[in-house]
1. How many percent of Cα pairs in region 74-321 exceed 25 Å?
2. Around residue 209, what is the net charge, scoring Lys/Arg as +1 and Asp/Glu as -1 over all other residues with Cβ under 14 Å from its Cβ?
3. Just the number, please: carbon plus sulfur as a percent of the accessible area of region 74-321, 1.4 Å probe, no ligands or DNA/RNA counted.
4. Roughly how tilted is helix 175-185, in degrees to the nearest 10 and between 0 and 90, from the longest Cα axis of the chain?
5. Quick one: among 52, 266, 406, which has the greatest mean-square fluctuation in a GNM of the chain with alpha-carbon springs under 10 angstrom?
6. Heavy atoms of the protein only, probe of 1.4 Å, neighbouring chains included. What is the accessible area of residue 235 in Å², nearest 10?
7. Considering only C-alpha atoms, what is the centroid distance from region 353-378 to region 126-164, in Å?
8. Work out how much length residue 370 to residue 184 would gain on full extension: take 0.36 nm times their residue separation and subtract the Cα-Cα distance, in nm to one decimal.
Amino acid sequence: MLGHPLRSSVVRSRGVLGLGNNFTSFHISSPFSFARHAVKNMSSVSIPPPECLKKRLVVPQRHMFGPGPSNVPPRILQAGAQPVIGHMHPETFEIMADIKRGLQYLFQTQNRMTLAVSGTGHSAMECAIFNTVEPGDGVLVAVNGVWGERAADMAERIGARVNTVVAPPGGYLTNADIEKALSRHKPVLFFLAHGESSTGVLHPLDGIGELCHKYNCLFLVDSVASIGGTPLYMDQQGIDILYTGSQKVLNAPPGTAPISFSERACYKVFNRTGKPVSFFLDLSWLANYWGCDDKPARVYHHTGPVTAFYSLRESLAVLAEEGLENSWERHKKAAEYFHAGLESMGLKLFVKEKHARLPTVTTIVAPHGYDWKEITSYIMKTHNLEISGGLGPSVGLVLRVGLMGCNSSKANVDMVLAALRDALKHCHRSKV
């Protein structure tokens with residue numbers, strides 16, 4: 001009868017264990033005595049438990065009036081605190097189906113390939129680019145702020161031939177500008193940020209989808225800072241790929257990134273010559289997990305963030321109860337009220353044309369003679385309220401105030417205006 005493999009190999013070994021030039025004789029009679037011997041001679045852990053983790057977690061309550069994330073209402077927080085269930089359980093699939101229908105409403109699309117990527121808006125941006133673009137493909141990027149710059153960077157990383165068309169600071173591109181670039185570069189994909197949160201520009205969309213299709217190009221739109229706060233119609237406006245994030249107008253915690261692909265986009269994705277560079281963002285896998293393909297069973301791809309799904313579903317429920325058109329109108333009125341209040345204080349708006357101002361994120365020209373960092377720090381310390389400076393090309397040029405979702409109200413506008421008045425009164429102003 002054969003003995004235990006470890007016992008049969010070790011019992012006969014009476015010899016030496018080499019440790020450099022030192023040798024220690026040993027004899028072990030069983031695997032269990034081997035374990036006891038190891039534990040007995042193991043030194044204690046050298047890294048002690050951190051003292052900070054012995055304290056109770058305390059997170060301050062703040063007015064999140066920067067460009068994101070926005071405040072999360074109690075209803076959505078409570079939804080996220082529901083019990084964890086399996087990411088492949090039928091109840092989770094039901095929640096995901098609810099999310100899909102809510103996103104189709106939010107995006108105003110009938111696209112079957114509508115889902116939420118596990119990650120922030122950057123993950124959806126990469127999902128869109130990595131799935132549709134192959135090495136050597138041409139990509140045209142509209143740069144009207146930092147998000148165009150990042151889209152170009154992502155496309156370059158996977159070997160695309162990237163060209164850019166750059167909008168003036170605080171401005172936007174005309175359809176003629178875009179058609180000229182499409183005709184010249186003949187890209188397979190054109191990227192545009194609808195709501196450019198770094199500059200506060202709301203870029204017009206009408207007619208661009210038609211131009212892209214005229215030149216056999218897919219139209220990719222970033223709506224992270226705009227969706228839900230201003231009119232957008234994915235199908236009617238000929239958008240092939242549209243994505244957003246959960247943490248802005250939707251008022252859900254960061255961590256899920258809704259995205260939708262048209263039939264034209266899906267044809268390009270599923271007729272690639274090679275696999276996408278990212279397994280995690282491979283649309284063929286994500287489509288199956290979200291029930292967007294024709295396969296009868298779902299196959300494990302990754303562990304979906306189920307509690308984030310709860311929050312996203314609840315945020316979409318809140319939006320559905322208010323209604324998209326009511327949400328658009330509320331954000332429009334709050335923004336106009338805010339802009340009028342800023343101008344009455346003598347402050348200037350970075351985006352000159354009113355129709356091109358993003359109603360969710362306002363960019364204020366940094367007041368002359370002030371250090372913008374001192375202003376934002378003072379407001380945070382004194383008023384427990386977050387606003388921010390510029391990002392990317394707008395650093396040092398602007399202050400950014402985001403009033404998104406539940407934060408978009410006249411009462412919150414008054415709170416921000418009062419904080420700004422106080423900051424301008426007490427912060428140091430250079431006479432130069």
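1. 39 percent
2. Details: positive: 214, 264; negative: 179, 206, 210, 235, 240, 263.
Net of charged neighbours comes to -4.
3. Carbon and sulfur: 54 percent of the exposed surface of region 74-321.
4. 50 degrees
5. 52
6. 70 Å²
7. 29 Å
8. Contour length minus the Cα-Cα distance gives 62.6 nm.
The values are calculated or read from the model by the stated rules, or taken from the named source; none is laboratory data. Everything numeric here is computed off the predicted structure, so don't read it as measured data. All Cβ positions, glycine included, derive from the backbone under ideal geometry; neighbour counts span all protein chains shown. Surface accessibility is based on the protein's heavy atoms, side chains included, excluding ligands, DNA and RNA. Shrake-Rupley method; radii C 1.70, N 1.55, O 1.52, S 1.80 Å.
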